[in-house]
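Novice: After the structure tokens below, expect a handful of questions from me.
The values are calculated or read from the model by the stated rules, or taken from the named source; none is laboratory data. Model, not experiment: these values are computed from the prediction. Cβ atoms come from the backbone with ideal geometry, glycine included; neighbour counts cover every protein chain shown. Side chains are part of the model used for accessible areas, which takes the heavy atoms of the whole protein and leaves out ligands, DNA and RNA. Shrake-Rupley method; radii C 1.70, N 1.55, O 1.52, S 1.80 Å.
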Amino acid sequence: MADKIVGLARRLVAEKMIDEAKAQQSILEAKHQGTPLAHYLVRNKHVDQYALAVTTADEFQLPLIEIESFELDHCPVSVVDADLVKKHRILPLSANSTRLFLAISYPGDLSAINEIAFHCGLKIELIIAEDTKLDSAIKAYLQRISRSYSSQAVIDSTLEDEIAINSPTLSEGEEELNTFDETPLVRFINNLLLEAIALRASDIHFEPYENVYRIRFRIDGLLREMTRPPVKLTARLASRIKIMAHLDIAEKRVPQDGRLRIRLAGKRSIDFRVSSLPTLWGEKIVMRILDPLSTNLNIDTLGMEPGQKEAYLQALQKQQGLILVTGPTGSGKSLTLYSGLNSLNASTRNISTVEDPVEITIEGINQLAVNVKTGISFSGALRAILRQDPDIIMLGEIRDLETAEIVLRAAQTGHLVLTTLHTLSAAASLNRLRNIGIPRYNLASTISLIVAQRLARKLCERCKEAIEIPEKILIEQGLTTQLHPNPQLFRATGCDDCVDGFRGRVGFYEVVPVSKGLSRIIMEGGRTQQFRKHMRKHGYLNLRQAALLKVAQGLTSLEEANRLT
């Protein structure tokens, strides 16, 4: 009977980890149950799982990994179908342009390895992991990539059948693309879009380099690498996305912009704004996700302190004037403006917007997208809107002197105007407008409110951990008892419901009404120091104080506040 025992089982018998009869019986039972030998042995407690993993690694000359210490967030997604992960009990650890590294407890099933290699088109490199620990890691991995979705079948049916590609005729590039079997590629992109939605990502970056093609998600403001498909797919991935967004796939030399909409189960629709950019190694594609369910247009949810919210609402109720929202890209300026417009949206008001592009659609508001190709610029669209009897106007951004002058003129002639400016603080916005050529008297008489803001990652309520920091350090950081008498500080830990201990974002703000005193400072050409002195005198929070207040309230961490202010 001994000559019938081969491979790993023979090694286990030779090292007296199991007797010959039990080894023979285990082989038959594992085959009958359709389970790997290693899994059967561990599940039935015939051998110690760590000793088995060490022996397996030595027998097959493969490396051994402590899977519990591996960061699952670094595991690639959409490279191997979830069905294959469950079927063969494997865990994708990393991937590059030619190879896929898999954790497995028993590598003796060559048909399983060949099936995975066939589906992903990569050379498979195996790494041994302890059996039950691998099961736990696979379970966590599958929960991560499939949360909010009941099964892979739902993913395929909701996306693959619902994404519309309305191209009446095929271009030369499209005909070439269709000569390949695109089904795996279509499924890969569809699953990637769904995963981004499930993880609450705001953007997807497809980035080609000489030897690497990486895909990153922006989650809660930070980019995270998700997977690295083969470099040879660079052109095909770009072409597929461009077809979905109705872009010209034959044009690879100039940037292009487009949109696509997908419909999910329950008639839920999600828009994607697509931008392509020619780079040295191919076209970089960035997809902005515009998910209505992740956008709450209620001013109460912005994160303003009570006094700040009251000042914003008072400025919104004025018949004319300019509300200026400032901050860097990605700081939530548009959401602040949309929330204000949504509160004003009524049948008695004519509200119009000029945006580049329109990010959120609101019924009852006339929204116009800038289109350089058709001659619709910010300034031209503004002039047209002013002939449409508007009450309230929103301009996506002040970019030049001509646009700024029209905005100020509209705000001075009976219109409430809301707009944004890319500056770092409320005081800096005045300097910026003066630098592009706006006279001081125009600024002093027109601006009614200035808002500066940032978006911080919000601590996960499920797993955040209370900490104590010495009072001396808190005072050095600026968190004094005057700012908050009883601060409650927490730090990020991490769980299945969040990313690195954070889930969602919260804003913090400078909200400065332009009173007569501040108008006088502006008219006199006051510097930033005078502006800040005015803020302190009237008790207006600056960005640093607002961030520390969110820390004291337990909404974000001190590290996050220090990162942004």
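Novice: Please report the projected area of the stretch 399-552's Cα convex hull averaged over all directions, in nm².
Specialist: Its Cα hull, projected and averaged over all orientations, spans 11.3 nm².
Novice: For the chain, give the percent of accessible area contributed by carbon and sulfur heavy atoms, probe 1.4 Å, rounded to a whole number.
Specialist: On the chain, the fraction of accessible area on carbon and sulfur atoms equals 49 percent.
Novice: Continuing with this model, one more query. Could you order His415, His246 by accessible surface area, starting with the largest, using a probe radius of 1.4 Å?
Specialist: Output order, biggest surface exposure first: His246, His415.
Novice: Could you work out, for the stretch 200-314, what percent of all Cα-Cα pairs fall into each 10 Å distance bin, beginning at 0 Å and stopping at the bin that holds the largest distance?
Specialist: Percent of Cα pairs in each bin: 13, 35, 29, 14, 8, 1.
Novice: Give me the accessible area of Arg89, 1.4 Å probe, in Å² rounded to the nearest 10.
Specialist: 30
Novice: If you take the Cα Rg of the stretch 308-426 and divide it by 2.2 N^0.38 Å, with N the number of residues, what do you get?
Specialist: 0.98
Novice: Let me ask you something else. Which of the following values of Cα Rg over 2.2 N^0.38 Å was calculated from the structure shown: (1) 0.90; (2) 1.13; (3) 1.19?
Specialist: Identified label for the calculated read-out: (3).
Novice: Cross-link partners among lysines for Lys16, C-alpha distance below 30 Å, same-chain residues fewer than 8 apart left out?
Specialist: Lys4, Lys31, Lys45, Lys133
Novice: For the pair Arg383 and Arg434, what calculated FRET efficiency results from E = 1/(1 + (r/R0)^6), where r is the Cβ-Cβ distance and R0 = 22 Å, to the nearest 0.05?
Specialist: Rounded to the nearest 0.05, the efficiency is 0.35.
Novice: Run through every distinct alpha carbon pair of the stretch 1-150 and return the Kirkwood hydrodynamic radius in angstroms, one decimal place.
Specialist: That comes to 16.0 Å for the stretch 1-150.
Novice: Something else now. So how strong a dipole does the stretch 307-423 carry about its Cα centre when Lys and Arg Cβ are +1 and Asp and Glu Cβ are -1, to the nearest 20 debye?
Specialist: 120
Novice: Per the chain: cysteines with no other Cys C-beta under 4.7 angstrom?
Specialist: Singleton cysteines: Cys75, Cys120.
Novice: Taking 0.36 nm per residue of separation and subtracting the Cα-Cα distance, what length does fully extending Lys87 through Gln488 add?
Specialist: Gain on stretching Lys87 to Gln488: 139.7 nm.
Novice: From the P(r) of the stretch 499-565, could you give the percentage of C-alpha pairs in the tail past 13 Å?
Specialist: Everything past 13 Å amounts to 68 percent.
Novice: Counting only protein chains, not ligands or nucleic acids, how are Arg563, Arg349, Arg187 ordered by accessible area (probe 1.4 Å), most first?
Specialist: From most exposed to least exposed: Arg563, Arg349, Arg187.
Novice: At 7 Å along Cα-to-Cβ for each site, give me the label-to-label distance between Glu115 and Gln314 in nm.
Specialist: About 6.9 nm, to one decimal.
Novice: Same structure, new question: Per residue of the chain, what 222 nm ellipticity follows from adding -39500 (n - 2.57) for every DSSP H run with n ≥ 4, rounded to the nearest 500?
Specialist: -11000 deg cm²/dmol
Novice: Tell me which of Ile127, Ala51, Gln367 sits at the most positive position along the dipole axis of the chain, charges placed on C-beta atoms (Lys, Arg +1; Asp, Glu -1).
Specialist: Sorting the options by dipole projection puts first Gln367.
Novice: Same structure again: Quote the charge dipole size of the chain about the Cα centre in Debye, to the nearest 20; the model charges only the Cβ of Lys and Arg (+1) and of Asp and Glu (-1).
Specialist: In debye, rounded to 20, the chain gives about 2160.
Novice: Restricting everything to alpha-carbon atoms, can you work out Rg to Rh for the stretch 433-497 with a Kirkwood hydrodynamic radius?
Specialist: 1.24
Novice: Calculated FRET efficiency, Tyr50 and Asp73, Cβ-Cβ r, R0 35 Å, to nearest 0.05?
Specialist: 0.90
Novice: Give the lysines whose C-alpha is closer than 18 Å to that of Lys242, dropping any in the same chain fewer than 8 places away, or say none.
Specialist: Result set, ordered by chain and number: Lys232, Lys252, Lys284.
Novice: Could you work out how far apart the two model spin labels at Thr480 and Leu222 are, taking each label as a point 7 Å from the Cα in the direction of the beta carbon, and quote it in nm?
Specialist: Each label point lies 7 Å from its Cα, and together they span 3.1 nm.
Novice: Now for a separate question. Just in the stretch 353-449: which trypsin sites (Lys or Arg not before Pro) are loop by DSSP and have at most 15 other Cβ atoms within 10 Å?
Specialist: Hits after loop and neighbour filter: Arg387.
Novice: Give me the distance in nm between label points sitting 7 Å out from Cα along the Cα-to-Cβ direction at Asp391 and Thr35, one decimal.
Specialist: 6.9
Novice: With equal scatterers on the alpha carbons only and no solvent term, can you work out the Debye log10 of I(q)/I(0) for the stretch 250-362 at 0.13, 0.18, 0.19 1/Å?
Specialist: Computed log10 I(q)/I(0) values: -0.68, -1.06, -1.13.
Novice: May I ask for the Kirkwood hydrodynamic radius of the stretch 384-436, worked out over all distinct Cα pairs and given in angstroms to one decimal?
Specialist: Over the stretch 384-436, the inverse of the mean reciprocal pair distance is 11.8 Å.
Novice: Rounded to the nearest 0.05, what FRET efficiency do Ala250 and Arg527 have when you use their Cβ-Cβ distance and R0 = 45 Å?
Specialist: 0.25
Novice: Quick check for you: with a 1.4 Å probe and neighbouring chains kept, what is the accessible area per residue of the chain, in Å²?
Specialist: With the other protein chains kept in place, the chain gives 48 Å² per residue.
Novice: Under a straight-distance cross-link criterion of Cα-Cα below 17 Å, which aspartates and glutamates are reachable from Lys537, leaving out those fewer than 8 residues away in the same chain?
Specialist: Answer for Lys537, where 17 Å is the Cα cut-off: Glu510, listed by chain and number.
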